[in-house]
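*Asks:* Provided herewith is a single structure, encoded as structure tokens, for subsequent inquiry.
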Amino acid sequence: MTNLQTLPPLPWHGGCQCGQERYKLTAWPLTLYACHCTECQKQSASMHGLPMLVPRNALEFTGNMKIWSRPTDSGNTTNCHFCPECGTRLYHHGTHRQEPEAVVSVKGGSLDHIRLLEPVGHIWLKSAQAGFRADPAAMCFEGQPESYEPLHQAFARRYPPVSSFKG
Ligand SMILES: [Zn+2]
Ligand SMILES: [Zn+2]
């Protein structure tokens, strides 16, 4: 799939389905991939999750959010932030990472120009839904990758940061 439209410079914007909650993203994402785990399928009530990893201190929110927390397989807790009006999930944050630059997972579909971005990889393919076909050019993992570094590198190669000013 060719992508003839270039990505906008930062900041990027996104929000929930009803528009009550909006955010501004001031740092280039570390990566964008599809997650086919059963938690993401339930959470999205759809085919897969679309995590966009960003540093927490690069996100600025306006509006009200609610938090639902769940334990993770690794023994930590994930705080799941969502719009209390329309229920759209906006981002997930592991509570064991409290430093400002900690990486959080924004729900990719909330980004205003998400149609310009293709996930660079697919994880948890062993639980992917029937009918799903991964792009052969994407990185594929049957389960959880040992490291997310290859997904970061693939995103940086595919989508080099756009400078907001010339020179
Ligand atoms: Zn909303
Ligand atoms: Zn998942």
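*Asks:* Show the residue pairs meeting these rules: Cβ distance below 6 Å; 6+ apart or different chains; first residue within region 82-95 and open to solvent by 40 Å² or more (accessible area, probe 1.4 Å) and of a type outside the set (Phe, Trp, Tyr); second residue more than 16 Å from ligand 1 (Cβ to nearest atom) and in a strand (DSSP E or B).
*Replies:* Final answer for the pair search is Thr95/Thr77; Thr95/Asn79.
*Asks:* Also, I was wondering about something else. Mind checking whether some residue in region 120-139 is part of a strand (DSSP E or B) and more than 16 Å from ligand 2 (Cβ to nearest atom)?
*Replies:* Looking only at region 120-139, we keep the residues that are part of a strand (DSSP E or B), and these are 121-123, 139.
Imposing the further condition that a residue be more than 16 Å from ligand 2 (Cβ to nearest atom) reduces the set to none.
No, there is no match, as no residue in region 120-139 is part of a strand (DSSP E or B) and more than 16 Å from ligand 2 (Cβ to nearest atom).
*Asks:* What number of residues within region 24-63 satisfy the criterion of being within 16 Å of ligand 2 (Cβ to nearest atom), hydroxyl-bearing (Ser, Thr, Tyr) and surrounded by fewer than 16 Cβ atoms within 10 Å (Cβ to Cβ)? Walk me through how you get there before you give the answer.
*Replies:* To start, the set of residues in region 24-63 that are within 16 Å of ligand 2 (Cβ to nearest atom) comprises 31-53.
From what's left, hydroxyl-bearing (Ser, Thr, Tyr): 31, 33, 38, 44, 46.
If we keep only those that are surrounded by fewer than 16 Cβ atoms within 10 Å (Cβ to Cβ) too, we end up with 38, 44, 46.
Number satisfying all stated conditions: 3.
*Asks:* Given the conditions (1) modelled with pLDDT under 95; (2) of a type in the set (Asp, Glu); (3) open to solvent by less than 20 Å² (accessible area, probe 1.4 Å), which single one is not true for Glu21?
*Replies:* Here Glu21 clears every test but (1).
*Asks:* Here's a follow-up. Within the set of pairs 6+ apart or on separate chains, which have a first residue in region 34-51 that is more than 13 Å from Ser110 (Cβ to Cβ) and part of a helix (DSSP H, G or I), a second that is more than 16 Å from ligand 1 (Cβ to nearest atom) and open to solvent by less than 50 Å² (accessible area, probe 1.4 Å), and C-beta atoms under 6 Å apart?
*Replies:* Filtered contacts from region 34-51: Thr38/Ser127; Cys40/Gly49.
*Asks:* Sort through Leu117, Leu125, Leu111 and tell me the only one that's under 15 Å from Cys40 (Cβ atoms) and either open to solvent by less than 50 Å² (accessible area, probe 1.4 Å) or of a type in the set (Lys, Arg) (or both).
*Replies:* It is Leu125.
*Asks:* Right, here's the next one. Which of the following residues is within 16 Å of ligand 1 (Cβ to nearest atom) and of a type in the set (Asp, Glu): Glu60, Glu85, Glu118?
*Replies:* Just one listed residue meets the conditions, Glu85.
The values are calculated or read from the model by the stated rules, or taken from the named source; none is laboratory data. The shown structure was predicted, so the numbers you read here are calculated from the model rather than taken from an experiment. Neighbour counts are summed over all protein chains in view; Cβ atoms, including those assigned to glycine, are modelled from backbone coordinates with ideal geometry. Each accessible area value is taken on the protein alone, full model and side chains, heavy atoms only, with ligands, DNA and RNA left out. Shrake-Rupley method; radii C 1.70, N 1.55, O 1.52, S 1.80 Å.
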